[in-house]
1. Here is a list of conditions, (1) surrounded by 13 or more Cβ atoms within 10 Å (Cβ to Cβ); (2) more than 21 Å from residue B:152 (Cα to Cα), and residue B:124 meets all of them except one; can you say which number that is?
2. Among what's in the stretch A:126-160 and is in contact (Cβ under 8 Å) with a residue 40 or more places away in the chain and in contact with a strand residue (DSSP E or B) (Cβ under 9 Å, 6 or more places away or on another chain), pick the residue that is farthest from residue A:221 (Cα to Cα).
3. Residue under question is residue B:149, and the condition is that it be touching a residue at least 60 places away in the same chain (Cβ under 8 Å) and under 26 Å from residue A:232 (Cβ atoms); does it hold?
4. Search the stretch A:76-98 for residues being facing another protein chain (nearest Cβ under 7 Å) and part of a loop (DSSP other than H, G, I, E, B), and hand back the single one that is modelled with the lowest pLDDT.
5. Suppose we keep only residues that are assigned to a strand (DSSP E or B) and at pLDDT 90 or above within the stretch A:37-69. Which one would you say is surrounded by the fewest Cβ atoms within 10 Å (Cβ to Cβ)?
6. So which residues in the stretch A:99-139 are part of a loop (DSSP other than H, G, I, E, B) and buried (at least 23 other Cβ atoms within 10 Å of the Cβ), if there are any at all?
7. Surrounded by 10 or more Cβ atoms within 10 Å (Cβ to Cβ) and either within 13 Å of chain A (Cβ to nearest Cβ) or touching a strand residue (DSSP E or B) at 6+ places or on another chain (Cβ under 9 Å) (or both): does that describe residue B:185?
8. Return the total of residues in the stretch B:1-27 being part of a helix (DSSP H, G or I) and within 28 Å of the chain's Cα centre (by Cα).
């Protein structure tokens with residue numbers, strides 16, 4: 001199979017042999033693919049291929065091969081991309097790890113690809129990164145078929161009541177529960193869920209959205225935690241304390 | 001024809017080197033045994049000695065057979081500046097440029113959360129302790145201008161700035177002898193955003 005000039009983003013790369021790299025690339029029409037970039041570190045005319053092959057940058061990749069691991073033939077830059085600085089860099093890495101962990105290889109997700117691109121743009125521009133991350137997490141779950149309606153009770157199929165309390169049931173969705181059932185971290189007020197359904201992740205609903213999505217995503221990760229989350233926590237403990245935290 | 005077990009073992013052992021496949025390993029083995037037995041003995045001794053003696057420097061984590069490496073022990077160097085690099089090869093590169101007379105700290109990698117490499121794995125806790133204990137004036141961040149290198153630099157900046165340490169990042173831009181036409185857009189953008197006013201004395 002030969003694919004040429006496919007819009008793509010690099011999610012992750014690791015060195016391989018002398019001057020090659022193993023690349024995990026998220027493409028628009030072929031989903032997440034593993035490529036081997038040969039001679040990426042070799043220099044050609046002022047800058048190596050590596051200069052273009054960076055995460056968070058829109059690329060046009062050409063690759064070919066029949067096996068699971070295909071060969072990268074060419075990379076072109078498809079725009080300046082975004083400059084994520086500081087904490088936003090960690091948020092961007094978090095998005096990449098989510099995609100790497102949850103997407104199946106060669107499973108195309110064109111809508112999610114567009115969503116990822118706009119999430120990166122928003123990360124670079126928005127005042128707060130949290131709502132951007134929450135919206136992307138919801139979209140990712142929807143695309144993968146793990147989606148649920150935050151505004152609907154999965155048992156009664158009625159919409160969530162503003163003053164009710166709900167808990168998340170794996171594979172099912174949100175079900176009504178008593179206001180004092182289970183641990184406080186496990187139940188969510190109806191007003192927050194309605195806000196999440198409207199796409200409002202700031203204010204009072206921010207904490208609920210974070211807890212809810214973290215719980216849902218953890219259920220799909222197979223018990224292995226996300227490393228970027230650990231890093232962010234350590235960063236928070238070691239660095240200066242700030243207002244917003246990661247996912 | 002079949003090689004003897006000792007020969008096969010050597011061929012297999014040589015394959016642990018990067019970029020050495022079965023064919024090259026076989027060629028090296030035959031060359032060593034046929035033409036350069038002395039060299040083979042020297043190599044074997046050198047390998048053994050290096051593996052037994054060389055360890056990380058207690059202060060900068062670079063490879064050394066001493067407790068504290070020569071660079072760290074050198075009193076003529078500027079002990080108030082530390083340059084943070086990713087690998088021992090980077091130390092060598094900076095040393096060869098002979099533009100820097102301070103000390104180093106070698107991370108032996110970079111923050112790469114997706115691979116599970118966090119601050120503890122690259123010794124950042126120890127680095128922070130060292131900077132505070134030794135009263136370092138300036139920390140120069142010379143990690144690579146990749147996403148992981150930038151993340152590492154940012155993490156370090158955030159760790160050190162609140163503690164009153166001066167932190168600087170090496171400049172990125174157009175390579176010497178390079179041509180603007182062939183430099184990629186992002187590097188050029190960096191070169192422009194990091195441009196420097198020309199000093200009137202050096203026109």
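1. Result: residue B:124 fails condition (2) only.
2. Taking the stretch A:126-160 and keeping what is in contact (Cβ under 8 Å) with a residue 40 or more places away in the chain, we get A:128-138, A:140-141, A:144, A:146, A:148-151.
The next check asks that each one be in contact with a strand residue (DSSP E or B) (Cβ under 9 Å, 6 or more places away or on another chain); those that pass are A:148-151.
Values: A:148: 17, A:149: 20, A:150: 20, A:151: 24 Å.
The extreme case among them is A:151.
3. Details: touching a residue at least 60 places away in the same chain (Cβ under 8 Å): yes; under 26 Å from residue A:232 (Cβ atoms): yes.
Taking the combined requirement at face value, the residue satisfies it.
4. Looking only at the stretch A:76-98, we keep the residues that are facing another protein chain (nearest Cβ under 7 Å), and these are A:77, A:80, A:86, A:89-90, A:93, A:96-97.
From what's left, part of a loop (DSSP other than H, G, I, E, B): A:80, A:86.
Numbers: A:80: 76, A:86: 81.
It comes out as A:80.
5. From the stretch A:37-69, those assigned to a strand (DSSP E or B) are A:37, A:59-64, A:69; that's our starting set.
Checking which are at pLDDT 90 or above leaves us with A:59-64.
Details: A:59: 22, A:60: 17, A:61: 27, A:62: 16, A:63: 25, A:64: 13.
It comes out as A:64.
6. Within the stretch A:99-139, the subset part of a loop (DSSP other than H, G, I, E, B) is A:103-104, A:106-109, A:126-129.
Selection gives A:109, A:129.
7. Values: surrounded by 10 or more Cβ atoms within 10 Å (Cβ to Cβ): yes; either within 13 Å of chain A (Cβ to nearest Cβ) or touching a strand residue (DSSP E or B) at 6+ places or on another chain (Cβ under 9 Å) (or both): yes.
It is true that residue B:185 is surrounded by 10 or more Cβ atoms within 10 Å (Cβ to Cβ) and either within 13 Å of chain A (Cβ to nearest Cβ) or touching a strand residue (DSSP E or B) at 6+ places or on another chain (Cβ under 9 Å) (or both).
8. Within the stretch B:1-27, the first condition is being part of a helix (DSSP H, G or I), and the residues that meet it are B:5-14, B:22-27.
Pick out the ones that are also within 28 Å of the chain's Cα centre (by Cα) and you get B:13-14, B:24-25.
Looking only at that region, the number is 4.
The values are calculated or read from the model by the stated rules, or taken from the named source; none is laboratory data. Owing to the predicted nature of the structure, the values given are computational and were not obtained by experimental measurement. Positions of Cβ are backbone-derived with ideal geometry, glycine not excepted, and every protein chain shown enters the neighbour counts.
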